[in-house]
């Protein structure tokens, strides 16, 4: 078994996910580029390899059990899992207008998809000396900030923001269950990054947004677990 650190980043063919993969690859790690779209995934892998990263493609649809199981079969050990894949669900998002189907679709990717991938990869992570799980969340999932009503969490959101609150709560439950193991699991917010997720309205670059994930992926063995962070430190729950 190779001693090279191996990571898997979901939704890594573009945006923040791609930059997370690039940042981990720059550390000399072997990085799996998880993505549904074959062409975009292979283009991302080629670009990463051209930059010197040890990258490889991982066909992965986080909403599909068989796809996730097949992805897990590509590894003999996993050191770091970054659950980055996510969707907003589109508009409208007002609670009185959002469709139950949209909520279900968003939760399927943003929460259940994370659970599906994490559970499939846990046996591989347990083989690592220093396993890390990073769940890409957002400050919009903070109930404290949502309740402050000061614009910090953006427009009214009946699907996306609650999905991140749900993801935060699920991550805490994982941390409680895994507290007697060497697995550290944390949530990271990339900030308001210009990606196609928000119509490129953000003021931060994907590379800047990737930094919190890279930080949490490289925590020392005595680092935090069950935490909720951005570049400035802990985020209010």
Residue that is nearest to residue 128 (Cα to Cα), among those in the stretch 79-91 that are part of a loop (DSSP other than H, G, I, E, B) and in contact with a strand residue (DSSP E or B) (Cβ under 6 Å, 6 or more places away or on another chain): 79
For the stretch 48-91, which residues satisfy the criterion of being without any contact (Cβ under 8 Å) to a residue 24 or more places away in the chain and either more than 22 Å from residue 115 (Cα to Cα) or loosely packed, with under 14 Cβ neighbours inside 10 Å (or both)? 49, 50, 66, 73, 90, 91
Search result, residues across the stretch 94-134 that are part of a loop (DSSP other than H, G, I, E, B) and touching a strand residue (DSSP E or B) at 6+ places or on another chain (Cβ under 9 Å): 128, 130, 131
Could you please find all residues in the stretch 225-234 being closer than 17 Å to residue 175 by Cα and outside any strand (DSSP E or B)? 225, 226, 227
For residue 193, indicate whether it is touching a helix residue (DSSP H, G or I) at 6+ places or on another chain (Cβ under 7 Å), at pLDDT below 90 and crowded, with 19+ Cβ neighbours inside 10 Å. yes
Tell me, which residue of the stretch 124-149 that is farther than 19 Å from residue 189 by Cβ and touching a helix residue (DSSP H, G or I) at 6+ places or on another chain (Cβ under 8 Å) is surrounded by the fewest Cβ atoms within 10 Å (Cβ to Cβ)? 124
Conditions (1) within 18 Å of residue 18 (Cα to Cα); (2) at pLDDT 95 or above; (3) buried (at least 21 other Cβ atoms within 10 Å of the Cβ) -> residue 218 fails only (3)
Only one of these conditions is not met by residue 32: (1) within 17 Å of residue 214 (Cβ to Cβ); (2) part of a loop (DSSP other than H, G, I, E, B). Which number is it? (2)
Of 3, 13, which residue is farther than 27 Å from residue 161 by Cβ and in a loop (DSSP other than H, G, I, E, B)? 3
Filtering the stretch 1-47 down to residues that are surrounded by fewer than 17 Cβ atoms within 10 Å (Cβ to Cβ) and at pLDDT below 95 yields 1, 2, 3, 4
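The values are calculated or read from the model by the stated rules, or taken from the named source; none is laboratory data. This one's a predicted model, so the numbers in the text were calculated from it and none came from an experiment. Here Cβ is always computed from backbone atoms with ideal geometry, including for glycine, and neighbour counts include all displayed protein chains.
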